[in-house]
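Only the coordinates and a few stated rules stand behind these numbers; no lab work does. Since the model is a prediction, treat every value here as computed from it, not as a measurement. We place every Cβ from the backbone using ideal geometry, glycine too, and count neighbours over all the protein chains shown.
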Amino acid sequence: MTKKYPIYLDYAATTPVDPRVALKMSECLTLTGIFGNPASSHEFGLAAKAAVEKAREQVASLIRTVSRNIIFTSGATEANNLALKGVAEFYQTKGKHIISTKTEHPAVLDTCAFLKERGFSVTYLTPEKNGVISEAELQSALRPDTILVSIMQVNNETGVFQDIAKLGMIIRKSGAFLHVDAAQSLGKIPLDVSELPVDLMSFSGHKIYGPKGIGALFINDTPRVRLLPQLHGGAQERKMRAGTLATHQIVGMGEACALLKENLETERAHIQHCRDRFWQGIRDLPEVYLNSDAAYSIPNILNVRFQGKPKESFFKQLTEVAASMASACNSIAVEPSYVLRAMGLTDEEADRSVRFSFGRFTEEAEIDLAITSIRKQYLKTGEVS
């Protein structure tokens, strides 16, 4: 491998579009391709509609559901908004209590804050020190007027996963609906919504080697979930999401899901190998710690605390590795990670933490270069402070 910097270890923030996905997308852009409006009744529109429905089937197949349960959105953020606001507004006569967690993505936390301003009551669950939400914590928060619970399946900063099967059964027995933000779990772990007690699930195209600007929302029909649309102006997507469908982006997400279905286990093994090799290469550095329990984390994310070095003398000079010091959606904030603080870390500990994430195109040689770069920078910044 040719030496190249910076080394990309930020796949949790976004993934590059797979060339096979890009090729499929390019076939939906020009006059000689499938460029028509999927809502048009002529030949061009019918071809575009067929491409959209094929992609819908590809997404549905990856999570083991039927295509009618998939609604395309502009991304997981919109899917989260549609799920939470749509259900809350439709079922508010039954209750106005919502439960979420302190470690959710801002797309859920900010939506919950919006609903709270409009008269809904929101309870935020605190995770254990390993980032896991306990069944007892959830059970104690449920109330007769609870209509919706939103729990992220895999945390975007730590990689910690929740036992959605167990938590979902508790929620289903209560009569509330369960929404799951699965932006970080799709394509990383097997998903079978026919077996999971999940009512709504959000997905993102750019986390699975598809394009940005496309996502999807799974809406269960057994039991049936109803919600009020948040975009108006057309009858697209079963009247739940108005707007001309972006055929090229939808086709891209569909192809990305099809590739994942074919290669999930092989890819998972490769990514885990990269993660393990990386951690083995830096774990002996003084005062370097994992911020989560590997037993409760998916293979592609490592949140590492470099306790021995001040931020200014290490992190800002680590230019040869592209990693993340915070969630990409929260990187404007100057405060330490709220996710790590919710897990019990101090501000200083959270402030000295970095998320490394690995993906399909990560090479073993890149891991070795990253290890060398980190060790060199860490050990040259002076005494442990």
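Here are a few things to note about the model shown:
- Once segment 53-102 is narrowed to residues that are within 22 Å of Pro190 (Cα to Cα), surrounded by fewer than 18 Cβ atoms within 10 Å (Cβ to Cβ) and among the hydroxyl-bearing types (Ser, Thr, Tyr), the residue that is nearest to the chain's Cα centre (by Cα) is Ser61.
- Comparison of Ala141, Ala182 shows that the only residue that is touching a Ser or Thr at 6+ places or on another chain (Cβ under 7 Å), aliphatic (A, V, I, L, M) and buried (at least 24 other Cβ atoms within 10 Å of the Cβ) is Ala182.
- Yes/no for Phe44 being of a type in the set (Phe, Trp, Tyr) and not in a helix (DSSP H, G or I): no
- Restricting attention to segment 267-304 and to residues that are basic (Lys, Arg) and under 22 Å from the mean Cα position of the chain (by Cα), the residue that is surrounded by the fewest Cβ atoms within 10 Å (Cβ to Cβ) turns out to be Arg268.
- For Lys129: the one exception among (1) touching a residue at least 40 places away in the same chain (Cβ under 8 Å); (2) outside any loop (DSSP other than H, G, I, E, B): (2)
- Any hit, segment 200-222, residues being surrounded by fewer than 24 Cβ atoms within 10 Å (Cβ to Cβ) and without any contact (Cβ under 8 Å) to a residue 60 or more places away in the chain: yes
- Pair list, Cβ < 7 Å and 6+ apart or interchain, from segment 267-278 residues that are more than 10 Å from Asn300 (Cβ to Cβ) to residues that are surrounded by 16 or more Cβ atoms within 10 Å (Cβ to Cβ) and of a type in the set (A, V, I, L, M, F, W, C): Arg277/Ile367; Phe278/Leu302; Phe278/Phe356; Phe278/Ile367; Phe278/Ala370; Phe278/Ile371
- For segment 224-246, the criterion of being assigned to a helix (DSSP H, G or I) and of a type in the set (A, V, I, L, M, F, W, C) is met by none of the residues.
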